[in-house]
1. Please verify whether region 353-361 includes one or more residues that are among the acidic types (Asp, Glu), part of a helix (DSSP H, G or I) and within 28 Å of Phe87 (Cβ to Cβ).
2. Starting from residues that are within 16 Å of the ligand (Cβ to nearest atom) and out of contact with any Leu (no Cβ under 6 Å at 6 or more places or on another chain), keep the ones in region 119-132 and report whichever is nearest to Leu65 (Cα to Cα).
3. Does Asp116 fit the bill of being outside the structural domain of Tyr309 (by TED's automatic domain parsing), away from the ligand (no atom under 14 Å from the Cβ), surrounded by fewer than 24 Cβ atoms within 10 Å (Cβ to Cβ) and in a loop (DSSP other than H, G, I, E, B)?
4. Can you confirm whether region 190-199 contains a residue that is away from the ligand (no atom under 16 Å from the Cβ), touching a helix residue (DSSP H, G or I) at 6+ places or on another chain (Cβ under 7 Å) and more than 17 Å from Pro14 (Cβ to Cβ)?
5. Quick one: in region 10-32, of everything that is over 30 Å from His343 (Cα atoms) and not in a helix (DSSP H, G or I), which residue is farthest from the chain's Cα centre (by Cα)?
6. I'm trying to understand the selection: among the residues of region 309-331, which are under 21 Å from the mean Cα position of the chain (by Cα) and of a type in the set (D, E, K, R)?
7. Please work out if Thr90 is surrounded by fewer than 22 Cβ atoms within 10 Å (Cβ to Cβ) and within 12 Å of the ligand (Cβ to nearest atom).
8. So which residues in region 247-288 are surrounded by fewer than 19 Cβ atoms within 10 Å (Cβ to Cβ) and β-branched (Val, Ile, Thr), if there are any at all?
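The values are calculated or read from the model by the stated rules, or taken from the named source; none is laboratory data. This is a predicted model, so every value here is computed, not measured. Note that we place each Cβ from the backbone using ideal geometry, even for glycine, and neighbour counts take in every protein chain shown.
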Amino acid sequence: MLANTHDLIPIAAPDIGEEEEAAVLRVLRSGRLAQGPEVEALEQEFAEAAGLSHVVAVANGTLALQAALHTAGVRPGDEVLVPDFTFAATANAVIAVGAVPVFVDIDDHFLIDLDDAAAKVSEATTAVMPVHLYGLMVDMSALEAFASRHGLAIVEDAAQAHLARRGDRAAGGTGIGAFSLYATKNMTTGEGGFVTTGDEELARALRRFRNHGMVSRYEHTEWGLNLRMTDLAAAIGRVQLRKLPEATRRRRENAGYFSAHLPGFFVTPDVPDDAHHVFHQYVVRVPAETRDAVLAGFRDRHVGADVYYPTPLHHQKAFGGFARRDCPAAERAAAEVIALPVHARVGRGERERIVVAAVEIAEEMT
Ligand SMILES: Cc1ncc(COP(=O)(O)O)c(C=O)c1O
């Protein structure tokens with residue numbers, strides 16, 4: 001676990017060790033650095049671990065979303081429903097394909113609200129992007145019914161949801177999915193991503209898009225880009241994937257401990273019965289007027305608490321032009337949320353320290 005009881009408990013701490021070092025060295029010495037057998041093996045291994053049919057590795061999660069939107073048929077001028085409370089990458093990928101993000105409010109689980117989504121569908125809407133925020137999957141049966149009612153493609157933003165499940169569905173298993181392998185994610189390749197689909201034709205299209213639309217040497221049947229992952233990154237990812245089930249178990253155990261022991265001042269996450277939450281983040285709510293003081297209280301006690309995300313997307317200057325109307329639940333969440341360190345390197349000692357800090361802070365606030 002983390003070394004010293006007075007050290008800062010960071011909000012994220014990638015678990016990189018000798019196995020990852022050996023894997024990188026093996027690839028460096030092989031002389032084959034760009035996309036090759038390690039990428040192919042990682043794709044197969046992730047597909048098997050996550051219960052997905054086709055996995056296409058790419059250079060990062062944002063490009064995974066862009067490839068997913070493009071391959072789902074989203075074209076310039078289309079409107080795409082995006083939750084207002086997510087990382088900017090979700091909306092940036094929409095803009096990258098020339099489409100228009102339409103911001104939708106969230107529900108009590110910080111996930112896209114289908115009633116508000118229905119109110120924001122227009123003639124131009126062609127896709128919906130559920131985001132499995134913090135590692136909790138959207139109810140994809142309900143989302144699929146909504147999408148088919150309105151004739152929309154589904155692009156799942158599963159950037160934070162490796163191995164998450166809801167009922168009998170896996171994250172990334174409906175429509176086209178996109179995962180991130182960024183350094184702070186539940187598994188990492190430094191930078192990296194996966195696009196996932198159950199459809200073999202779409203998987204082939206994704207592989208072509210990843211490699212300049214090439215079907216055989218210098219034969220390009222459509223335009224594409226270079227989205228390829230390196231074998232160096234994939235070798236790290238294969239080790240990370242082997243660690244992922246145990247790392248996820250620890251995240252879930254830490255989350256269970258917090259939910260059982262945090263004082264009532266903190267509103268703990270409500271996990272639906274049918275969800276296997278993978279706790280990319282463990283996020284509580286506090287009264288908005290206390291949030292800055294609560295954050296400072298954690299930091300004074302060497303707990304790296306943080307806010308994901310302080311500003312709803314429709315309030316960002318970059319996206320202001322796309323706002324149609326307010327998203328009050330997203331605004332409230334942005335003002336109230338605090339993430340506590342929940343990752344696999346938070347051990348018994350650290351989680352107890354976090355709860356002790358929380359008890360002291362709650363006493364100060366009430
Ligand atoms: C919800 C969400 N979507 C998309 C991304 C983009 O992934 P990446 O940083 O790998 O481009 C991230 C992670 O950063 C994310 O958290």
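1. No.
2. Per the stated criteria, the residue is Met129.
3. Criteria not met by Asp116.
4. yes
5. This residue is Gly31.
6. Glu331
7. No; evaluated as a whole, the condition is false for this residue.
8. Listed by number, the residues that qualify are Val267, Thr268, Val271.
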